[in-house]
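Encoded as structure tokens, the structure appears first; notes follow it.
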Amino acid sequence: MSGRFTRLFRRLDGEGRGALVPFAVLGDPDPATGARVLETLAAGADALEVGLPFSDPVADGPTIQRAALRARQTGTTVARGLELVAELRRRHPELPIGLLVYANLVHARGLGSFYARAAAAGIDAVLVPDVPLEEIAPFAEAARTAGVAPVLIAPPNAPENTLEGIARTGREYTYVVTRKGITGVDRGEVDPSATVVRRLAQLGAPPALLGFGIARPEHVRRALATGARGVIVGSALIERLEKEPASLPDYLAELRAATILP
Amino acid sequence: MSFVPPAPSPLIPAAGHYGEFGGRYVPEILVPPLVALEDAFLRHRDDPSFRAELDELLRRYAGRPTPLTRTRRFLADTHTVLYLKREDLLHGGAHKTNQVLGQMLLAHRTGKRRVIAETGAGQHGVAVAMAGALFGKEVVVYMGEKDCRRQAPNVFRMKLFGARVVPVASGSASLKDAMNEALRDWSESYEDTHYLVGTVAGPHPFPAMVGAFQRVIGEETRAEILEREGRLPDLVAACVGGGSNALGIFAAFLDDPGVDLLGVEAGGEGLETGRHGATLARGRPGILHGMRSLLLQDEEGQVQESHSVSAGLDYPGVGPEHAHLQATGRARYTAAEDREALEAFVALARTEGILPALESAHALAAVAREARDEPERARLVVVNLSGRGDKDLGHVAALLDGEAGR
């Protein structure tokens, strides 16, 4: 399967760049503003990761929790969230889009049905942060059946057999977590260990995107120095949106400049 | 008599699955610490020195065995013979202490210096704070902001034991959100921190491990009722929030098909009002807090808030083994409404001189209802009186005042 992410990585290799992948919660702070935010991100980045707001986002820190709460309070349901993606897809036919969704939202709908709806909305890849490798089989199978790439998370403490499983099961990209804990900017130093990235590459895993705590250009450069093919920027970006939304294009440009490989 | 279940315990199912329920639905980073915890539990549980130390703690610190009291007046108008398993007399005032001591000892022996926990009513938090003081651990208890206000005396008790209580304002600011926050803490801190889950819920191995440490309730009950009545009970009943006290007493009777097992959930203001905590009655399969179980949720899978007069039953999920026992029909489940629980609370006080926890009063209410429905039916019944009602006095006083003023 050669999807939009794969094509993006191929193109960026030619340009000597890593991928800048912003993360936003769908419908944050409300559906209309959220749709405009997605446009801004699409204009200033290489791919997007978007999240469906869930009542109990256990892998997320306070910033993304706030975003999910705002989105739910202003009426972003699963159906509305997927509509926002479908609108984005119509305007950006080649933009790689990953979806982050908690297990219960997938499960409640029925796995096959959920992945089919995600595919219909134009989503390329789905990451379920509270389903680890040992429970992933039915999710990954439903994803592939619908023509969606299953994406797995590789944390810094993953043992060898987990990395092997991730390499075997994942498609399009691998979400490599740079440190322990949950999403958020000021929750400890980012230490992008090159070991996990290198080992995943040796095992033939999908390209590594590094996430958790990436906020500044030097974080981007350090992350790419590990051999990762790109970075995911979530909480830092949402904090921008909360405080000075007008600065978003400049912020993206600043981060994107740091994706040029030395 | 040993208080620690004999090894190997049949309560550890393969990969933590109970039929279609259970499992380990957590961020990948928590899998290695959960695997390490499972290994540690299996290793230490079979270690004679661990078992001896836990026995000693349960006996001489917590006050086991607890009595089995035959009621004199509570159901005197029926042919039901009712015994109460008096977990209310355990140190700390509830059955929580049993498994907290087990996990705290495990944390100690595996070199954890810090222990975190979630709590709803505060009973579990108090037990953890108490045991943390005993073992010299740094204790952090996550508690919904709303519950902190509702259960202020327990917050004070935890602080007296030296614990730090962190109010959780996210989500519904109650037990489920406290559990989310504890899981988030553990994702970062697992190297030196034990997460001491308070019930038979959460990711594997917690349901199995907590169940194994609570099994002592059922083992004692079974031995004593056989000794005193010369036979097994017809019915064993317990309240179910997450389900640890129920599983603890059920465990020893699961292989006795003649013993009817009854779990009683929070009926709140009535199942038809939607304001209740009756997950087994009204929940659908879902994934939350590391497990696949039944869950109160809306159509698209957002988790709903539960409601109950008793904070300890106010949880939108339930332990996976209960979901399985309901599915196989080995146990049956019913609900008692707030009003019925309150009546049973007062009735037990007036007829037996015992103040039950509002949680336990749900089990009493359901048994009283069945007994009065068939007053001529002679049955030998045991109710797990999982905790004492002192913590509920302020709450009950306010409720009764409200009724008197109406």
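Just so you know, all these numbers are worked out from the coordinates, no wet-lab data involved. These figures come from a predicted structure and were not determined experimentally. Glycine also receives a Cβ, built like all others from the backbone with ideal geometry; neighbour counts cover every protein chain displayed.
Go through segment B:127-155 and give me each residue that's part of a helix (DSSP H, G or I) and among the polar types (S, T, N, Q).
B:ASN154
I'm checking my understanding of the structure. Among residues of segment B:223-250 that are among the hydrophobic types (A, V, I, L, M, F, W, C) and assigned to a helix (DSSP H, G or I), which one is surrounded by the most Cβ atoms within 10 Å (Cβ to Cβ)?
Among those residues, the one meeting the criterion is B:ALA246.
How do the strands (runs of 3 or more DSSP E) wholly within segment B:17-126 filter down when requiring 1 or more residues that are within 14 Å of chain A (Cβ to nearest Cβ) and touching an Asp or Glu at 6+ places or on another chain (Cβ under 7 Å): which remain?
Fully inside segment B:17-126 and qualifying: B:21-25, B:114-119.
In segment B:275-295, what count of residues is obtained for those that are hydrophobic (A, V, I, L, M, F, W, C) and within 12 Å of A:ALA108 (Cα to Cα)?
Final tally of qualifying residues: 4.
Condition first: of a type in the set (Val, Ile, Thr) and crowded, with 24+ Cβ neighbours inside 10 Å. Now tell me which residues in segment A:49-84 satisfy that.
Correct list: A:VAL50, A:VAL58, A:ILE64, A:THR76.
Please go through segment B:223-249 and pick out each residue that is in contact with a strand residue (DSSP E or B) (Cβ under 9 Å, 6 or more places away or on another chain), more than 30 Å from B:GLY283 (Cβ to Cβ) and not β-branched (Val, Ile, Thr).
Scanning segment B:223-249 gives B:GLU224, B:ARG228, B:GLU229, B:ARG231, B:LEU232.
Scan segment A:1-29 for residues that are closer than 19 Å to A:PRO206 by Cβ and either small (Gly, Ala, Ser) or assigned to a helix (DSSP H, G or I) (or both) and report the count.
The qualifying residues number 15.
Condition check ((1) surrounded by fewer than 22 Cβ atoms within 10 Å (Cβ to Cβ); (2) closer than 17 Å to B:LEU262 by Cα; (3) within 17 Å of the chain's Cα centre (by Cα)) across all residues:
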position	(1), (2), (3)
B:ALA323	no, yes, yes
B:GLU340	yes, yes, no
B:PHE345	no, no, no
B:LEU348	no, no, no
B:GLU359	no, yes, yes
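Working only within segment A:63-99, note down all residues that are without any contact (Cβ under 8 Å) to a residue 60 or more places away in the chain and under 22 Å from A:LEU152 (Cα atoms).
A:GLN65, A:ALA68, A:VAL78, A:GLY81, A:LEU82, A:VAL85, A:LEU99
Would it be correct to say that B:GLY202 is in a loop (DSSP other than H, G, I, E, B), touching a residue at least 12 places away in the same chain (Cβ under 8 Å), out of contact with any helix residue (DSSP H, G or I) (no Cβ under 6 Å at 6 or more places or on another chain) and under 22 Å from B:PHE41 (Cβ atoms)?
So B:GLY202 fits the description; yes.
Criterion first (in contact (Cβ under 8 Å) with a residue 24 or more places away in the chain, crowded, with 24+ Cβ neighbours inside 10 Å and not hydroxyl-bearing (Ser, Thr, Tyr)) does B:GLY258 satisfy it?
Criteria not met by B:GLY258.
Inside segment B:191-222, can you point out the residues that are polar (S, T, N, Q) and touching a strand residue (DSSP E or B) at 6+ places or on another chain (Cβ under 8 Å)?
Quick first cut of segment B:191-222, residues polar (S, T, N, Q) only: B:193, B:199, B:214, B:221.
The answer is B:THR193, B:THR221.
Taking B:GLU118 and the conditions (1) closer than 15 Å to B:MET179 by Cα; (2) of a type outside the set (Gly, Ala, Ser); (3) over 22 Å from the mean Cα position of the chain (by Cα), which numbered condition does it fall short on, given that it satisfies the others?
It fails just one condition, (3).
Yes or no: segment B:164-185 includes at least one residue that is crowded, with 24+ Cβ neighbours inside 10 Å, of a type in the set (A, V, I, L, M), more than 18 Å from B:ALA129 (Cβ to Cβ) and within 14 Å of chain A (Cβ to nearest Cβ).
yes
Under 22 Å from B:LEU89 (Cα atoms) and crowded, with 19+ Cβ neighbours inside 10 Å: is that true of B:LEU355 in this structure?
yes
In the list B:GLY274, B:GLY268, which residue meets the criterion of being small (Gly, Ala, Ser), without any contact (Cβ under 8 Å) to a residue 40 or more places away in the chain and closer than 29 Å to A:THR77 by Cβ?
Values: B:GLY268 fails: without any contact (Cβ under 8 Å) to a residue 40 or more places away in the chain.
Result of the check over B:GLY274, B:GLY268: B:GLY274.
Report the residue count in segment B:379-406 for those that are in contact with a strand residue (DSSP E or B) (Cβ under 8 Å, 6 or more places away or on another chain) and part of a helix (DSSP H, G or I). I'd like the intermediate steps shown before the answer.
Keep residues of segment B:379-406 that are in contact with a strand residue (DSSP E or B) (Cβ under 8 Å, 6 or more places away or on another chain), which gives B:379-389.
Checking the rest, the ones that are also part of a helix (DSSP H, G or I) come to B:389.
So the answer is 1.
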